[in-house]
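*Asks:* Take this structure, written in C-alpha cells, and hold onto it; I'll ask about it next.
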Amino acid sequence: MQDFRNLEAWRKAHALVLAVYRETLNLPKEEVFGITIQLRRAATAVATRIAEGAGRSVTMEFAADLRRAAVNCNELEYLIVLARDLSYWKP
C-alpha cells in the first residue's frame with residue numbers, strides 16, 4: 001500500500017481532471033447533463049482508479065486498476081475528440 005499522492009501518474013491524472021473541469025466551464029449550458037458530465041466523470045475516473053490501486057496490497061490488483069484507468073483514458077480521449085468535432089473545443 002502506498003500514498004497515491006506520491007505517484008507521478010496520479011499527479012498527472014489529477015492535473016488532467018482540473019484541466020477538464022476548467023475547459024468544461026465554457027461548454028454550452030445545454031450540454032451540462034450531456035458531454036460535460038461525461039468528460040468530467042471520465043477524467044475523474046482515471047485519477048480515482050490510480051488512487052484506488054495505490055491502496056491495494058496486492059500488485060496484481062494494482063495492475064488491474066491501472067488497466068481500468070487506461071480504459072478510462074480511452075473513453076476520455078474519445079469525448080475530447082467529440083467535443084472538438086462538435087466545435088466546443090479548439091484543438
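Residue-wise test of (1) over 20 Å from residue 12 (Cβ atoms); (2) surrounded by fewer than 12 Cβ atoms within 10 Å (Cβ to Cβ); (3) in contact (Cβ under 8 Å) with a residue 24 or more places away in the chain.
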position: 51; (1), (2), (3): no, no, yes
position: 55; (1), (2), (3): no, no, yes
position: 59; (1), (2), (3): yes, yes, no
position: 62; (1), (2), (3): no, no, no
position: 76; (1), (2), (3): no, no, yes
position: 82; (1), (2), (3): yes, no, yes
position: 86; (1), (2), (3): yes, no, yes
position: 90; (1), (2), (3): yes, yes, no
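*Asks:* Then there's this: Does residue 12 qualify as being without any contact (Cβ under 8 Å) to a residue 24 or more places away in the chain, outside any helix (DSSP H, G or I) and basic (Lys, Arg)?
*Replies:* no
*Asks:* Can I ask one more? Restricting attention to the stretch 25-32, does a residue exist that is assigned to a helix (DSSP H, G or I), out of contact with any helix residue (DSSP H, G or I) (no Cβ under 6 Å at 6 or more places or on another chain), of a type in the set (A, V, I, L, M, F, W, C) and surrounded by fewer than 19 Cβ atoms within 10 Å (Cβ to Cβ)?
*Replies:* So far as the stretch 25-32 goes, yes, one or more of its residues are assigned to a helix (DSSP H, G or I), out of contact with any helix residue (DSSP H, G or I) (no Cβ under 6 Å at 6 or more places or on another chain), of a type in the set (A, V, I, L, M, F, W, C) and surrounded by fewer than 19 Cβ atoms within 10 Å (Cβ to Cβ).
Computed from the coordinates by the stated procedures, all read-outs in this text should not be read as laboratory data. Keep in mind it's a predicted model, so treat the numbers as computed, not measured. Ideal geometry is used to build each Cβ from the backbone, glycine not excepted, and the neighbour counts take in all protein chains shown.
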